[in-house]
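The values are calculated or read from the model by the stated rules, or taken from the named source; none is laboratory data. Computed from a predicted model, the values in this text were never measured in an experiment. Positions of Cβ are backbone-derived with ideal geometry, glycine not excepted, and every protein chain shown enters the neighbour counts.
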């Protein structure tokens with residue numbers, strides 16, 4: 001096992017962002033970024049390159065640092081390349097079955113001391129770790145979007161997570177110049193348990209004709225000091241992701257206040273997912 005080798009599984013918005021920030025970390029020698037096809041990985045590489053160039057233009061990093069960081073990343077479809085990693089972060093779609101399958105594979109190939117982290121935004125750490133031989137190594141490492149910009153990493157401890165694994169995970173976060181905040185395993189953890197019901201209520205407010213999307217967002221920005229209105233934020237996160245997280249909360253707590261707004265379900269069916277489909281509460 002090499003603690004200076006880290007791997008990320010999934011090269012979507014969160015995965016390529018996580019790979020980006022680890023590649024810029026002086027402590028890290030190699031970042032293995034795994035996905036299902038070369039085409040997907042090619043797109044991820046272009047996004048990372050674009051985001052690194054943006055940091056160069058803002059004078060956050062030098063051009064040499066940008067080139068060095070991109071050179072650290074190994075783009076591969078070979079899952080076994082993660083084998084010697086000190087830390088593996090799963091960052092695939094918010095699907096419990098898919099995540100469990102990935103962790104089952106990880107459990108069989110990584111070292112007994114490898115941190116097996118999930119970037120899940122709502123799914124129980126204990127559910128992901130169940131029946132694994134190395135369940136004590138599983139931890140939540142929830143980065144915020146956009147990863148290169150946002151400082152917070154929500155660290156979620158499962159009931160079986162070893163304290164040494166927590167300490168080592170905190171060290172990794174510190175090396176990225178980000179701030180780790182710990183919490184215990186619970187549906188939605190802290191961030192989305194509080195955020196998603198607010199977004200859901202904003203959707204109800206819009207659906208019931210109380211105010212326009214623009215008005216709802218302006219009121220929350222100007223009156224409550226939020227940097228972005230809840231409906232604009234829903235579009236950024238993805239309406240499908242919001243629905244998924246609300247369903248996790250409802251299944252976990254069985255309380256009506258967590259029942260997803262019908263408008264969000266309707267928007268998802270119509271592929272009005274927000275920024276990624278160019279249409280949600282707003283047009284892009």
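One residue is enough: does region 6-15 have a residue meeting the conditions part of a loop (DSSP other than H, G, I, E, B) and over 12 Å from residue 91 (Cβ atoms)? Walk me through it before giving the result.
Of the residues in region 6-15, the ones part of a loop (DSSP other than H, G, I, E, B) are 10-12.
Of the ones still in play, those that are also over 12 Å from residue 91 (Cβ atoms) are none.
Scanning region 6-15, I find no residue that is part of a loop (DSSP other than H, G, I, E, B) and over 12 Å from residue 91 (Cβ atoms), so the answer is no.
Somewhere in region 158-171, is a residue crowded, with 22+ Cβ neighbours inside 10 Å, in a strand (DSSP E or B) and at pLDDT 95 or above?
First pass over region 158-171, keeping only residues crowded, with 22+ Cβ neighbours inside 10 Å: 158, 161, 165, 169.
From what's left, in a strand (DSSP E or B): none.
No, region 158-171 contains no residue that is crowded, with 22+ Cβ neighbours inside 10 Å, in a strand (DSSP E or B) and at pLDDT 95 or above.
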Need the failing condition index for residue 177 against (1) in a helix (DSSP H, G or I); (2) under 30 Å from residue 86 (Cβ atoms), just the number. (1)
Which residue pairs have Cβ atoms under 7 Å apart, sit 6 or more places apart or on different chains, and have a first residue in region 18-39 that is surrounded by fewer than 18 Cβ atoms within 10 Å (Cβ to Cβ) and a second that is modelled with pLDDT of 95 or more and assigned to a strand (DSSP E or B)? 27/4; 29/4; 29/5
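Residue by residue, here is whether (1) surrounded by fewer than 23 Cβ atoms within 10 Å (Cβ to Cβ); (2) closer than 13 Å to residue 87 by Cα; (3) touching a helix residue (DSSP H, G or I) at 6+ places or on another chain (Cβ under 9 Å) holds:
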| site | (1), (2), (3) |
| --- | --- |
| 107 | yes, yes, yes |
| 115 | no, yes, yes |
| 118 | no, yes, yes |
| 121 | no, no, yes |
| 129 | no, no, yes |
| 132 | yes, no, yes |
| 135 | yes, no, yes |
| 138 | no, yes, yes |
Can you tell me how many residues in region 54-69 are surrounded by 17 or more Cβ atoms within 10 Å (Cβ to Cβ), touching a residue at least 40 places away in the same chain (Cβ under 8 Å) and within 20 Å of residue 5 (Cα to Cα)? 1
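Of the residues 56, 88, which single one is more than 12 Å from residue 31 (Cβ to Cβ), assigned by TED's automatic domain parsing to the domain that holds residue 172 and not in a loop (DSSP other than H, G, I, E, B)?
Numbers: 88 fails: more than 12 Å from residue 31 (Cβ to Cβ).
That would be 56, the only listed residue that is more than 12 Å from residue 31 (Cβ to Cβ), assigned by TED's automatic domain parsing to the domain that holds residue 172 and not in a loop (DSSP other than H, G, I, E, B).
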Test result for residue 90, at pLDDT 95 or above, under 12 Å from residue 7 (Cβ atoms) and surrounded by 22 or more Cβ atoms within 10 Å (Cβ to Cβ): yes
Across region 40-53, which residue is surrounded by the fewest Cβ atoms within 10 Å (Cβ to Cβ) among those that are under 17 Å from residue 93 (Cα atoms) and in contact with a strand residue (DSSP E or B) (Cβ under 7 Å, 6 or more places away or on another chain)? 41
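For residue 83, state whether it is at pLDDT 95 or above, over 20 Å from residue 155 (Cβ atoms) and out of contact with any helix residue (DSSP H, G or I) (no Cβ under 6 Å at 6 or more places or on another chain). Reasoning before the result, please.
On the way: at pLDDT 95 or above: yes; over 20 Å from residue 155 (Cβ atoms): yes; out of contact with any helix residue (DSSP H, G or I) (no Cβ under 6 Å at 6 or more places or on another chain): no.
Spelling it out, it is not the case that residue 83 is at pLDDT 95 or above, over 20 Å from residue 155 (Cβ atoms) and out of contact with any helix residue (DSSP H, G or I) (no Cβ under 6 Å at 6 or more places or on another chain).
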Helices (runs of 4 or more DSSP H) lying entirely in region 206-284 (those with 3 or more residues that are in contact with a helix residue (DSSP H, G or I) (Cβ under 8 Å, 6 or more places away or on another chain) and free of Cβ contacts under 8 Å to residues at least 60 places away in the same chain): 230-237, 239-253, 262-269
